[in-house]
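Heads up: the structure comes next, in structure tokens.
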Amino acid sequence: MRPHVKDKIISKTKYLEHVMRTVIGFNKIDKMLNPRKIDSSVIKLPHGGQVIPYFMDSLGKWRVVMVKQYRIPIKAETIEGAGGRIGKNEAIQKALARELNEETGIKLNPLAITIVFNEYAAPSLLDASMFGGISKINADMVINKNRMVSGKNERTQVEIFDLKNLLKKREEGVIKIDLMTSRLLDEIAKAVGLLVKKY
């Protein structure tokens, strides 16, 4: 028997809802179904995602195209894949291609993006899924390495990194990046043969 779920809105903004979620389900004890009620504070967010393009430069080194920006919640500058919110009825690859173009100026056919994961963000607190994509591109698609994009609430700068060097700095703890970006870098490393899948 499926649990019954009911949300009571506590507060709401354009992209976020804070709700009290009540779930009435059942525990099976000695072959008997017993009703069980659980209440939990939940943050509902739109689905989101990131995409990281990669290419081989003229010296044979793998490079990744990232964006650098100041993130208010952590009070620090980050490097991450281009990304953002996915519209309610927007196709995942189309949304990631749009975000990539907005933040880096790189135009891709959405079908050129390989979705490598669809994960929960933080399931004990958030009701949201995060999608990650990678795309092999040509070096000449990176029009301006120093491109700066300013929006109402964000300012991003395109950065090109040597993949091997970036992975080494992450492993040594020299840089700190978010989990989604870290996972995408590993997926690219697997795709280009720098990381062997051991499971």
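The values are calculated or read from the model by the stated rules, or taken from the named source; none is laboratory data. Computed from a predicted structure; not experimentally measured. Note that we place each Cβ from the backbone using ideal geometry, even for glycine, and neighbour counts take in every protein chain shown.
Would you confirm, using the coordinates I've provided, whether GLN69 is within 23 Å of PHE161 (Cβ to Cβ) and surrounded by fewer than 20 Cβ atoms within 10 Å (Cβ to Cβ)? Yes: the conditions hold for GLN69.
Once the stretch 78-106 is narrowed to residues that are without any contact (Cβ under 8 Å) to a residue 24 or more places away in the chain and of a type in the set (Lys, Arg), the residue that is nearest to VAL174 (Cα to Cα) is ARG98. Annotation note: Cβ proximity below 9 Å between a residue of the stretch 177-192 that is closer than 18 Å to ILE74 by Cβ and a residue that is among the charged types (D, E, K, R) and in a helix (DSSP H, G or I) (sequence gap 6+ or interchain) occurs for ILE177/ARG170; SER182/ARG170. Taking the criterion of being touching a strand residue (DSSP E or B) at 6+ places or on another chain (Cβ under 7 Å), charged (D, E, K, R) and either within 30 Å of GLY87 (Cα to Cα) or at pLDDT 90 or above (or both), the residues of the stretch 10-41 that qualify are GLU17, ARG21, ASP39. The set of residues from the stretch 24-48 being in a strand (DSSP E or B) and under 30 Å from GLU90 (Cβ atoms) comprises SER40, SER41, VAL42, ILE43, LYS44, GLY48. Looking at (1) hydrophobic (A, V, I, L, M, F, W, C); (2) outside the structural domain of PHE117 (by TED's automatic domain parsing); (3) under 30 Å from LYS136 (Cβ atoms), which is the only condition VAL67 fails? Against the list (1) hydrophobic (A, V, I, L, M, F, W, C); (2) outside the structural domain of PHE117 (by TED's automatic domain parsing); (3) under 30 Å from LYS136 (Cβ atoms), VAL67 comes up short only on (2). The set of residues from the stretch 149-174 being of a type in the set (A, V, I, L, M) and either modelled with pLDDT of 95 or more or surrounded by 14 or more Cβ atoms within 10 Å (Cβ to Cβ) (or both) comprises VAL149, VAL158, ILE160, LEU163, LEU166, LEU167. What is the number of the single condition among (1) outside any loop (DSSP other than H, G, I, E, B); (2) touching a residue at least 60 places away in the same chain (Cβ under 8 Å) that SER58 does not meet? That leaves (1) as the condition not met.
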